Amino acid sequence: MSTSTTTTVVITTAHCLGEGDWLDATELARACRAEPGFIDALIEEGLLQAVAAEPARRFGSDELARVRRIQRLQADFDASLPAVALMLDLIDEVDRLRGLLQRLGLPG
């Protein structure tokens, strides 16, 4: 009688960008485990903007976090990019209103 065992290995990669650290579009796609075409689609849809455009598009930590948020929204809600754009607009508005309530000293 033979016995087999299965070993599962989980590899986690962390991407830590400091101020002044940049990723190009290919590196951003790799960091998000996405195809480079996905980054292009986000730019075309207006969901993502490069911090610098010349000589090559550059993206920072805010853009990395935004792409990951977009991916989570797409996965969680099976949402199209236009639907994700609407969700992000609503999330941004809620955050803005919460900040206003906090500045006014009101519960939010």
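The values are calculated or read from the model by the stated rules, or taken from the named source; none is laboratory data. No experiment lies behind these values; they were computed from the predicted model shown. Note: ideal-geometry Cβ built from the backbone for every residue, glycine included; neighbour counts use all protein chains shown.
Worth a mention:
- Looking only at segment 59-81, and only at residues there that are under 11 Å from the mean Cα position of the chain (by Cα) and of a type in the set (Asp, Glu), the one that is surrounded by the fewest Cβ atoms within 10 Å (Cβ to Cβ): 62
- Hits in segment 28-73 (condition: polar (S, T, N, Q) and part of a loop (DSSP other than H, G, I, E, B)): 49
- Taken residue by residue, segment 49-57 has no member that is aliphatic (A, V, I, L, M), under 11 Å from the mean Cα position of the chain (by Cα) and either at pLDDT below 95 or closer than 11 Å to residue 25 by Cα (or both).
- Failed item in (1) surrounded by 12 or more Cβ atoms within 10 Å (Cβ to Cβ); (2) modelled with pLDDT under 95, with residue 107 passing the rest: (1)
- Checking each residue of segment 45-52 against the condition of being within 24 Å of residue 33 (Cβ to Cβ) and touching a Pro at 6+ places or on another chain (Cβ under 9 Å) gives at least one match.
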